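Each remark here refers to the structure printed beneath this line.
What follows is calculated from the coordinates using simple rules that are stated; it is not laboratory data. Predicted model, so just to flag it, every value in this text is computed and none were measured. Cβ coordinates were reconstructed from backbone atoms using ideal geometry, including for glycine residues, and neighbour counts include every protein chain displayed.
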Amino acid sequence: MLESFEKVPVKIYKDVAAGSNAVAAQIATLIKEKQAQGIPCVLGMATGATPILLYKELVRLHKEEGLSFKNVITVNLDEYYPIPRDAYQSYWSFMHRHLFNHVDIDPKNIHLPNSEWGKDELKEKCVAYEQTIEKLGGIDLQILGIGKNGHIGFNEPGSSFHSKTRVIHLDQLTRMANVYEWHDLNKVPKLAITVGISSIMKAKKIVLLAWGNKAEIVAKAVEGDVTEQLPASVLQNHDDCTFVIDELAATELTRHKSPWLTGANDWTPQMIKKAVIGLALKLNKTVLSLTSDDYKENSLSDLLVIKESVYDINLQVFYMLRDSITGWPGGKPNAVIPAHPERSEPHSKKVLIFSPHPDDDIISMGGTFMRLHDQGHDVHVAYQTSGNIAVTDEFVTRFLDFAVGFEDLFGIDNKKSQEILTNARAYLASKEINHLDSPEIRAIKGLIRRCEAKATCRYVGIAEDNYHFMNLPFYETGMIDKKPMSEADIETTMELLRKIQPHQVYCAGDLADPHGTHKVCLDVVFESMRRLKAAGDTWVKDCWVWLYKGAWQEWDISEIEMAVPMSPDQVLKKRFGIFIHQSQKDSVPFQGTDSREFWQRAEIRNANTANLYANLGLTKYAAMEAFVRWHY
């Protein structure tokens, strides 16, 4: 069967919203069933970014469809220790912010480990927490997330499958993944209280949610061996556990990565390309050097039936790789190249690059950005968000100090700017972690990033009228948590698209950024393009949309439809363009689990793409930027 490699039932949904809504409907049904029986519904709750949309949908079901939580009892999995219980980062605050404050649950029915328990009473309190779960009759439905290291709850790798509620030392990878809540790794607690693995396994039903960049660990958890070094793997032993994931989180499952191994596969050209490239990389061979024995010994003998010879297969894939490489991302003028990734005409083209943050353009496609301009195209850049939360407080006072000094230097009255500087220093000195910045501070941070983006555009050489600051409303909360995509976001985007009427659009298909901004920005562009097409805007049919990745991940080489090579000099030029964004250099406020600076990530990723092409038998370049076309 198709899922034969999966040892746990896995349900795959189109996106996070669809998966979250499906699980919310399941929870709602369980709550109603328990209500009809006149008994409580005991839910095990998870925290972190993964279940946010699930809780949002439960709140909607309560407010719009009358779902009552009066018979619901909740038991949370974990909590940081020790921190104030009402701290913004505490899971007590998280649950109230995202769910409890918006539904009719009885506060007496809410159970969370207490981050303020005294050290001398921790063991006693943990035992009591276990006893509370037992007195409730156990968990009816436990919601789980999964860490990139495979943890469930805060049960880190090496946790015993027999463990119960206890204090645990947090893995460094876990602390780095959660640093966005604290802005400083040194402030992330090293300890946490967590319900144990044996306690989780006692739940009557378990649903584990995983989205986006969790693909690798999901595959290991559901297809690999059961081991304490990967705590989530123990769920293979549960009688009623389901993994609910989105399409991105499913990409490493065998049924997606190597479907021919499952015994059911449609050998499309794209699937042949994927299989042959995977085989060549596995054997460390060039594509054209693969033999029939290589195919037979690696479960690809079916391909030998489709083509007359192994060389025909190899040559087909080689040509697909070769034809994806181009130094003319806007199309080569006065040339007829049927297999070229882009059209030759018209030339020049109007090009619109959407950049979610004010630096994604140069980080993710800086070489292509510069090449498009140098080759005579009318290049526009649209910065979708202000990026103001990703600026440190130190930068605010630094630039205000410059403003005061600038005015003083040229004899300009700096009384007002001096007052702003003094007030800003006082405000920032007393600001607590995750305290909302004042509108003035947010505006200054946005200005800093806007000036850096302008400087980048001048560095590339595009005209001042060709960069656009959209400041999409969904982003402007002043907090890490953002609003959902709104009509205002779509209308702003449609207005810009109609104004420019581009022949090419580039946008970020990199959905692994830790706060989901790229995903919302991409959804806004997609929805805008669909609406424009439906409205009959004639230019839309001639507009091609290309997706780039960059700071967080790269396309699989089998997916790449356009690869733009860079020389060593172009790599350096791109690096210097990234350096212009000084507020994002040296100390990146939100860098996820990757400690490298963005320019380092980009260079290593671009070099790796070039090396993969070379290893497969193509020309060796210094670096390559990769793109996939979106069809709408």
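Note on region 10-255: along the principal axes its Cα atoms extend 50, 43, 35 Å, ordered by decreasing extent.
Counting every C-alpha pair in the chain, the share spaced more than 49 angstrom apart comes to 18%. Among 571, 10, the ranking by other beta carbons within 10 Å of each residue's beta carbon, starting with the fewest, stands as 571, 10. Exposed loop sites here mean GluC sites (Glu not before Pro) with a DSSP loop assignment and at most 11 other beta-carbon atoms within 10 Å; the chain contains its longest site-free run at 1-307. Estimate the FRET efficiency between residue 569 and residue 299 by the formula 1/(1 + (r/R0)^6), using the beta-carbon distance for r and 41 Å for R0, to the nearest 0.05. Taking R0 as 41 Å, the efficiency between residue 569 and residue 299 is 0.40. For residue 431, a cut-off of 18 angstrom between C-alpha atoms picks up these lysines, skipping any fewer than 8 places away in its own chain: 187, 445. By other beta-carbon atoms within 10 Å, ranking 321, 409, 54, 304 with the fewest at the front produces 409, 304, 321, 54.
Counting only lysines at least 8 places from residue 282 when in the same chain, those with an alpha carbon closer than 28 Å to its own are 7, 148, 214, 220, 257, 273, 274, 296, 307, 549, 620. Placing unit charges on each Cβ (+1 for Lys and Arg, -1 for Asp and Glu) gives the chain a dipole about its Cα centre, and among 628, 127, 77 the Cα reaching farthest toward its positive end belongs to 628.
Just rank 402, 526, fewest to most, by other beta-carbon atoms within 10 angstrom.
402, 526
Placing R0 at 22 angstrom, the Cβ-Cβ distance between residue 65 and residue 37 gives a FRET efficiency of 0.60 after rounding to 0.05. Using C-alpha pairs below 8 Å separated by at least 6 residues, the relative contact order for region 117-218 is 37 percent.
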